[in-house]
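See below for the structure under consideration.
The values are calculated or read from the model by the stated rules, or taken from the named source; none is laboratory data. These numbers come from a predicted model, not from an experiment. Positions of Cβ are generated from backbone atoms using ideal geometry, with glycine treated the same way; all protein chains shown enter the neighbour counts.
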């Protein structure tokens, strides 16, 4: 059965918000697996790491599988240390987002995160040979390539994951653009990214929404939403569908995708409800269709 | 002191000859397809041209490095394997790779070929670099443009391979190989297609007040006054509005060039083995001027003399310059 996963929170949500969020996910959201851990900025980790054991326990008691995700960018000593520490864990499972994590993990089992650039069957085969059990495909990979990659990974006995909801990660940098917007630098940022729980909106000079800033990360303005595409993803061998936490009712979003997977909800109904949940945020699926990522490609009506 | 090789861009066969004649120790180039990160119209080499280029360079004591530094999407890996095969056949001195599948293939199918790790692999820690060295026998890493010289010096002590750093040209802001901004706005991917803010999607719109807007795929990237020179609409050098910056600002970086001329000596002392000049898309005369100037500067430093750096500083043609992340952590 296709599993639903909840990706790691990309934003700097305060500890209390995170606790409430995961309590609700544990109690109400039909997700099977939850990724925890700070992926974007090592300066944020001290704020929510103390709650991690309790959150893991809470989610486990609710029957969810918990996976810890490593940082996407590893450069500073504290980032190298954090990555090595996670890589040394026997349990829970870990998802690796940087080659420094692969180095530390060796051949012990691990998952490959979306920042690892597993674009093709050769790379996936290499990763599997080094102990990878599961791969999350890059968000920009178009449908035909997803099918080939998923088929190859399944043949190697791996789990295959694709993001179906939430802002797409478009870039990471060493520079913090949140700090920059406030006339600061990364070292004296005073955690200003906390002000934007769904990313800081950038608009073009002619006032068109275009991108979101989340610390060192740049995200899509649109929420990626694959709905009509899900039967194709599942048929191709994708075993896990990833929902990225946004500042919307994520339990409702998760339950909607579960209903869609269980054929309790039509694609048209699912899209209408998702639009209600997401408010003004535009939905997009361009990447999957090999078009500009921000676009929403309507599926041709069945003949 | 390290050797400080000068690695120069060659977008065309004539640019390659120009770079070699101007004193390049090595030139880097790619094929006319998605296998390299400068897959721009009118640029790059046919297999025949690459073969001739290798003969020309080798005849003059210079090396040729083949960039195979994009990420093949599943189902299309054959194109990258063919490119590696041609590179091996014509005798390139190294192949610059980013994708693990491509690296693994070359390490096994062409064990004689020297592998360099592209900046597109985003290896920014000793552990990440050692991963590629241990598994694929990488002999040199091209470092991301996000590290300070102090950090480069530290990395050098912890890795078994040579270091190459960019010293001049475009100032990449995002972690290379992890950027889908172009893909998001245009549908062409930097990682899979080797395209960044493609010219085919660029337009300049003149307004009634004489101002000019540069657009990419219909999105306004920057706006220029009647007397300003309009720049190219690269997404990460664009001007945007944010809630705290309603007046518009360069959210990521200003249009600016990297120029590490004043830091060459420090870079050599930090253990950098090779200096890379960006610009396979630049003209032959640009290549000649820049390569000649850096050749002179590097030779003077190696001879223990003070290099005349004024000429190098003037090379950016009046554009703003930066030493980016190399000088200070405050850049971040």
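Summary table
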read-out: Condition broken by residue B:307, with the remaining ones in (1) within 14 Å of another protein chain (Cβ to nearest Cβ); (2) in contact with a helix residue (DSSP H, G or I) (Cβ under 8 Å, 6 or more places away or on another chain); (3) assigned to a loop (DSSP other than H, G, I, E, B) satisfied; value: (1)
read-out: Residue within the stretch A:44-60 that is closer than 18 Å to residue A:244 by Cβ and not in a helix (DSSP H, G or I) present; value: yes
read-out: Residue within the stretch B:127-141 that is in contact (Cβ under 8 Å) with a residue 24 or more places away in the chain and more than 30 Å from residue B:54 (Cβ to Cβ) present; value: yes
read-out: Only one of B:26, B:62 that is more than 30 Å from residue A:174 (Cβ to Cβ) and in contact with a strand residue (DSSP E or B) (Cβ under 7 Å, 6 or more places away or on another chain); value: B:62
read-out: Strands (runs of 3 or more DSSP E) fully within the stretch A:129-236 counting 1 or more residues that are more than 8 Å from chain B (Cβ to nearest Cβ) and crowded, with 22+ Cβ neighbours inside 10 Å; value: A:132-136, A:159-172, A:209-214, A:217-225
read-out: The one condition in (1) more than 17 Å from residue B:279 (Cα to Cα); (2) in contact (Cβ under 8 Å) with a residue 40 or more places away in the chain; (3) out of contact with any helix residue (DSSP H, G or I) (no Cβ under 8 Å at 6 or more places or on another chain) that residue B:59 fails to fulfil; value: (2)
read-out: Members of the stretch A:252-264 that are surrounded by fewer than 19 Cβ atoms within 10 Å (Cβ to Cβ) and touching a helix residue (DSSP H, G or I) at 6+ places or on another chain (Cβ under 6 Å); value: A:252
read-out: Residue count for the stretch B:234-254, restricted to those that are at the interface with another protein chain (Cβ under 7 Å from one of its Cβ atoms) and buried (at least 17 other Cβ atoms within 10 Å of the Cβ); value: 7
read-out: Test: residue B:69 is in contact with a helix residue (DSSP H, G or I) (Cβ under 6 Å, 6 or more places away or on another chain) and in the same structural domain as residue B:276 (by TED's automatic domain parsing); value: yes
read-out: Top-ranked residue in the stretch A:88-105 [being assigned to a helix (DSSP H, G or I) and under 15 Å from residue A:42 (Cβ atoms); ranked as nearest to the other protein chains (Cβ to nearest Cβ)]; value: A:100
read-out: Only one of B:231, B:210 that is away from chain A (no Cβ under 12 Å), farther than 25 Å from residue A:141 by Cα and touching a residue at least 24 places away in the same chain (Cβ under 8 Å); value: B:231
read-out: The stretch A:4-23, residues that are in contact (Cβ under 8 Å) with a residue 24 or more places away in the chain, farther than 12 Å from residue A:197 by Cα and either out of contact with any strand residue (DSSP E or B) (no Cβ under 7 Å at 6 or more places or on another chain) or not in a strand (DSSP E or B) (or both); value: A:7, A:8, A:15, A:19, A:21, A:22, A:23
read-out: Qualifying residue in the stretch B:119-136 (condition: over 13 Å from the mean Cα position of the chain (by Cα) and away from chain A (no Cβ under 13 Å)); value: no
read-out: Within the stretch B:127-231, strands (runs of 3 or more DSSP E) holding 2 or more residues that are in contact with a helix residue (DSSP H, G or I) (Cβ under 7 Å, 6 or more places away or on another chain); value: B:140-142, B:162-170, B:219-224
read-out: Of the criteria (1) over 14 Å from residue A:166 (Cβ atoms); (2) away from chain B (no Cβ under 13 Å); (3) touching a helix residue (DSSP H, G or I) at 6+ places or on another chain (Cβ under 8 Å); (4) buried (at least 18 other Cβ atoms within 10 Å of the Cβ), which one residue A:240 fails; value: (3)
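Okay, residues lined up against (1) closer than 27 Å to residue A:160 by Cα; (2) modelled with pLDDT of 95 or more; (3) buried (at least 17 other Cβ atoms within 10 Å of the Cβ):
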residue: A:28; (1), (2), (3): yes, yes, no
residue: A:31; (1), (2), (3): yes, yes, yes
residue: A:49; (1), (2), (3): no, no, no
residue: A:54; (1), (2), (3): no, yes, no
residue: A:57; (1), (2), (3): yes, yes, no
residue: A:69; (1), (2), (3): yes, yes, yes
residue: A:72; (1), (2), (3): yes, yes, yes
residue: A:87; (1), (2), (3): yes, yes, yes
